[in-house]
Amino acid sequence: MSFRLSYRADPGNPWFSWQYVRDNSDTILAALRDHASLTARAVLIAAVIAVPLAVAAYWFRPLAGPILAVTGVFYTIPSLALFAFIAPYLGIGAITVLSVVVLYALLVIVRNSVAGLTQVPPEVREAAEGMGYGRWARLFRIDLPLALPGIITGLRLATVSTVALVTVGVVVGRGGLGQLIFGGFQNNFFKAQIMTGTLLCVLLALVLDLILAGIGRLLTPWLARRAS
């Protein structure tokens, strides 16, 4: 037995409406700014935590497994459950949203940063040691610059996933564009509102990814010369 779902278009409730965008431009722009701000802050905080963790895993190989395992555990927890666990302690608002999305971004940045560091050619490290570079000098002058492609890749992946995850912050009152999407469902399934929030999320993710890709090209000019 087969079932066929029927759908009847409602001309009074289109999937997109420029009239809605014009009439609610202030609300839409405020949600977009909030979403971009939460995403940028979350990725920055995650990078400040994740890159040192990756360096620790790179320097002390026995720590690599536990670091990846702990960050991986956070990544497997459903986002709604994590919000429900953290909100009673931190309250509702931006701090709770940032805490959750930072925890999710850690694994992506740590894993790609470790991969970038371990791909530094051994002969380059040996040459640096032969020139008298200590551990810290080698890290900042050799290891991190050569690991930048992996680190940038981790930042790009974390940024795109964070843009999507911030929308779930609507459950604690700070979901950025998620407020528009959820509001559309509450407003008698107002399709134009839902689609506007969704399209802006996709556009924001694409723009931020292109910005990070451009920064990566500027910081690693030798890769472009090698490709040409």
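Could you please find all residues in the stretch 161-192 being open to solvent by 50 Å² or more (accessible area, probe 1.4 Å) and touching a Phe, Trp or Tyr at 6+ places or on another chain (Cβ under 7 Å)?
Answer for the stretch 161-192, where residues must be open to solvent by 50 Å² or more (accessible area, probe 1.4 Å) and touching a Phe, Trp or Tyr at 6+ places or on another chain (Cβ under 7 Å): just Val171.
Give me a count of the residues in the stretch 136-150 that are of a type in the set (Lys, Arg) and open to solvent by 40 Å² or more (accessible area, probe 1.4 Å).
Counting residues in the stretch 136-150 that are of a type in the set (Lys, Arg) and open to solvent by 40 Å² or more (accessible area, probe 1.4 Å) gives 1.
Within the stretch 117-135, which residues are among the basic types (Lys, Arg) and surrounded by fewer than 13 Cβ atoms within 10 Å (Cβ to Cβ)?
Hit for the stretch 117-135 is Arg135, nothing else.
Check the stretch 144-164 and report whether any residue there is closer than 19 Å to Ala36 by Cβ, in contact with a Cys (Cβ under 8 Å, 6 or more places away or on another chain) and not charged (D, E, K, R).
Within the stretch 144-164, one or more residues are closer than 19 Å to Ala36 by Cβ, in contact with a Cys (Cβ under 8 Å, 6 or more places away or on another chain) and not charged (D, E, K, R).
Looking at the stretch 67-80, can you tell me whether even one residue there is under 22 Å from the mean Cα position of the chain (by Cα) and farther than 23 Å from Leu155 by Cβ?
Checked the stretch 67-80: at least one residue is under 22 Å from the mean Cα position of the chain (by Cα) and farther than 23 Å from Leu155 by Cβ.
So which residues in the stretch 109-138 are in contact with an Asp or Glu (Cβ under 8 Å, 6 or more places away or on another chain) and either assigned to a helix (DSSP H, G or I) or hydroxyl-bearing (Ser, Thr, Tyr) (or both)?
Of everything in the stretch 109-138, those that are in contact with an Asp or Glu (Cβ under 8 Å, 6 or more places away or on another chain) and either assigned to a helix (DSSP H, G or I) or hydroxyl-bearing (Ser, Thr, Tyr) (or both) turn out to be Leu117, Arg125, Arg138.
Would you mind stating whether Val100 is open to solvent by less than 30 Å² (accessible area, probe 1.4 Å), modelled with pLDDT of 90 or more and more than 21 Å from Gly150 (Cβ to Cβ)?
Yes.
Taking Asn112 and the conditions (1) buried (at least 22 other Cβ atoms within 10 Å of the Cβ); (2) at pLDDT below 90, which numbered condition does it fall short on, given that it satisfies the others?
Among (1) buried (at least 22 other Cβ atoms within 10 Å of the Cβ); (2) at pLDDT below 90, Asn112 violates only (2).
Just checking: which of the helices (runs of 4 or more DSSP H) contained wholly in the stretch 139-228 hold 2 or more residues that are under 29 Å from Thr96 (Cβ atoms) and modelled with pLDDT of 90 or more?
Of the helices (runs of 4 or more DSSP H) lying wholly inside the stretch 139-228, those with at least 2 residues that are under 29 Å from Thr96 (Cβ atoms) and modelled with pLDDT of 90 or more span 144-166, 191-219.
The values are calculated or read from the model by the stated rules, or taken from the named source; none is laboratory data. Keep in mind that this is a model prediction, so the values were computed, not measured. Cβ: placed from backbone, ideal geometry, glycine included. Neighbour counts: every protein chain shown. Note: areas computed on protein heavy atoms with side chains; ligands, DNA, RNA excluded. Shrake-Rupley method; radii C 1.70, N 1.55, O 1.52, S 1.80 Å.
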